Structures are given as structure tokens and as C-alpha cells.
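The values are calculated or read from the model by the stated rules, or taken from the named source; none is laboratory data. For clarity, every value in this text was computed on a predicted model and none was experimentally measured. With ideal geometry, Cβ positions are generated from the backbone for all residues, glycine too; neighbour counts draw on all protein chains shown. Only protein heavy atoms, including side chains, enter the accessible area calculation; ligands, DNA and RNA are left aside. Shrake-Rupley method; radii C 1.70, N 1.55, O 1.52, S 1.80 Å.
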Amino acid sequence: MQQTWTAVDDYFNALLVEEDEALLTAVADSDSAGLPAHQVAPNQGKLLHLLARISGARTVLEIGTLGGYSTIWLARALPADGHLVTLEADPRCAEVATANLTRAGLADRVDLRRGPALDTLPQLAAEGHGPFDLVFIDADKPSNPAYLDWALRLTRPGSLIIGDNVVRDGAVTDPASDDPRVQGVRTFTELIAAHPRLTATALQTVGSKGYDGFVLAVVTA
């Protein structure tokens, strides 16, 4: 099945997804630097871009930068006076992402904060950042519940909150899983479901990145 999923992604990407040199080089340089190949697939990056455009986002918060591939897609969706803050705990990832964002001509639109997100998020709040129009959560899954709490503090009615990698090859359905990533995603999703300020759905995805999915939530009040 993986071969078929990848072939279908390749077909649609060739027709619908425009990866320019900056995006292609961001992936190549991330690979060369030894970063894990956890960046979103091209069609998923384009989806993030479209969601930011559809929602009219002017400000974006990204939790988990990696090599900056998704950051480029999101930043390019913003208007000329838009702004994106991205948080990255790994110094090597932050170094590669900084070079990739500079090459893409986005250094003036993106503020990359280095350090654990649970340290930098309080700093953003103290500095008066927010409310953000869109929050993309794609970092360590055990911390997803805490990231959701901060996302709610830093958004407004109408803001989008997107949580990536929530299906975990189907393991999300196992309440007895001893994988802290699975338990983090389960708690994250259950908190979204119970929260009076959120309405949400989740979609399973298959493709070149395998079997996974994402949660999409809107802040309602």
C-alpha cells in the first residue's frame, strides 16, 4: 500500500503543488544536516498554506520548526505585513531552519525562537504577542496538552489550531499504549473534544509519509 500511497501523492503533487528551489533546498539541506525526515509532505505543506490563506491569517504561531519547510509554506501565505513566530528546541534544527528561511527571503517575516517551547511560550505571552490567527502544533507529542493550553491563551475567536501527527499509524485508538507520544495525542484530542471554546474534527491521511493524520480546531469564543 505504501507504494500506491506514494505514487498517488506524486501524481497530485506534480499537478497541484508548486515546490520552488527554496522549498526543495530546505528539504535537501535538512537531509544533509542529518535532521529527521519529519517535515510535512509537499501536499500537506500546500494544505497549511491554503488554510492560512482561506482564514485570512496575518499572524501565525508554529510550535516545532525542524528545518523550516512548513514554516516557508505558512509564511508565504501571509500578507506583506504578516508575521510568523516559530519555536524550535533543537539548536541544529534552528540553525538549518534559519539558513533555509533566509534563502527563501522570509527572514524579515519570521521570528525563530530557540529553546524548549514550554520556556519560550511564556516569554511570548509576557512580550504581548498574540492573538495569533493560526497555530500549528508539530513538536514533541507528550507536550501536546500543554501546547494546547498555550494555544488557547494566545488565540482569539476564529483562530485555527492544527495538531499534526495524531493518528500514529492507528495507535491513537489504543488506550493502554505505553508510548508517551500516543498518550500525549490522546489527551490532546480529548481536551479539544471537551473544551467549550473549541469545535474540531480530525482526518486520517495516507501518502508518502505513511499513515497518520491531523486535528483541525476553531476557537469559537
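Under a Gaussian network description of the chain, with springs only between Cα atoms under 10 Å, the residue in Val166, Val110, Val27 that fluctuates furthest is Val27. Net charge in the neighbourhood of Gly34 (other residues with Cβ under 15 Å of its Cβ; Lys, Arg +1, Asp, Glu -1) is -3.
Across the options Ser55, Val206, Val110, the greatest Cα extent toward the positive end of the charge dipole of the chain (unit charges at beta carbon of Lys, Arg, Asp, Glu) belongs to Ser55.
Think of a 1.4 Å ball rolled over the protein heavy atoms: the stretch 39-157 then has 38 Å² of accessible area per residue.
Diagonalising the gyration tensor over the Cα atoms of the stretch 56-101 and scaling each eigenvalue by 5 before taking the square root yields semi-axes of 20, 10, 7 Å, largest first. Element breakdown for the chain at a 1.4 angstrom probe: carbon and sulfur atoms account for 56% of the accessible area. Near Asp169: Cβ cut-off under 12 Å, other residues only, Lys/Arg at +1 and Asp/Glu at -1. The net charge is 0. The C-alpha atoms of the chain occupy a region whose extents along the principal axes are 44, 43, 32 Å, arranged from largest to smallest. Dipole magnitude for the chain: about 600 debye, using +1 per Lys or Arg Cβ and -1 per Asp or Glu Cβ, origin at the Cα centre. Starting from the Cα gyration tensor of the stretch 118-195, take the square roots of the eigenvalues, sort them a ≥ b ≥ c, and report rounded, prolate or oblate (rounded when a/c is under 1.5, otherwise prolate if a/b is larger than b/c, else oblate). The shape class here is prolate.
Phi-derived couplings, Karplus 6.51 cos²θ - 1.76 cosθ + 1.60 at θ = phi - 60°, listed residue by residue for the stretch 107-120: 4, 7, 10, 10, 10, 8, 9, 9, x, x, 4, 6, 8, 7 Hz, with x used for Gly and Pro.
The residue among Ala193, His129, Leu148 whose Cα reaches farthest toward the positive pole of the charge dipole of the stretch 91-212, with charges on the beta-carbon of Lys, Arg, Asp and Glu, is His129. Summing charges over all other residues whose Cβ lies under 13 Å from the Cβ of Thr25, with Lys and Arg as +1 and Asp and Glu as -1, gives -4. Extension gain, Leu216 to Arg58: 0.36 nm times the residue separation minus the Cα-Cα distance gives 55.1 nm. With a ≥ b ≥ c taken as the square roots of the eigenvalues of the C-alpha gyration tensor of the stretch 5-93, please select rounded if a/c is under 1.5 and otherwise prolate if a/b is larger than b/c or oblate if it is not? Judged from the Cα gyration tensor, the stretch 5-93 comes out oblate (a/c at least 1.5, b/c at or above a/b). Using just its DSSP H runs of length 4 or more, each adding -39500 (n - 2.57), the chain gives a mean residue ellipticity at 222 nm of -13500 deg cm²/dmol after division by all residues. For the chain, the residue among Gly158, Gly184, Leu24 whose Cα projects farthest onto the positive side of the dipole built from Cβ charges is Gly158.
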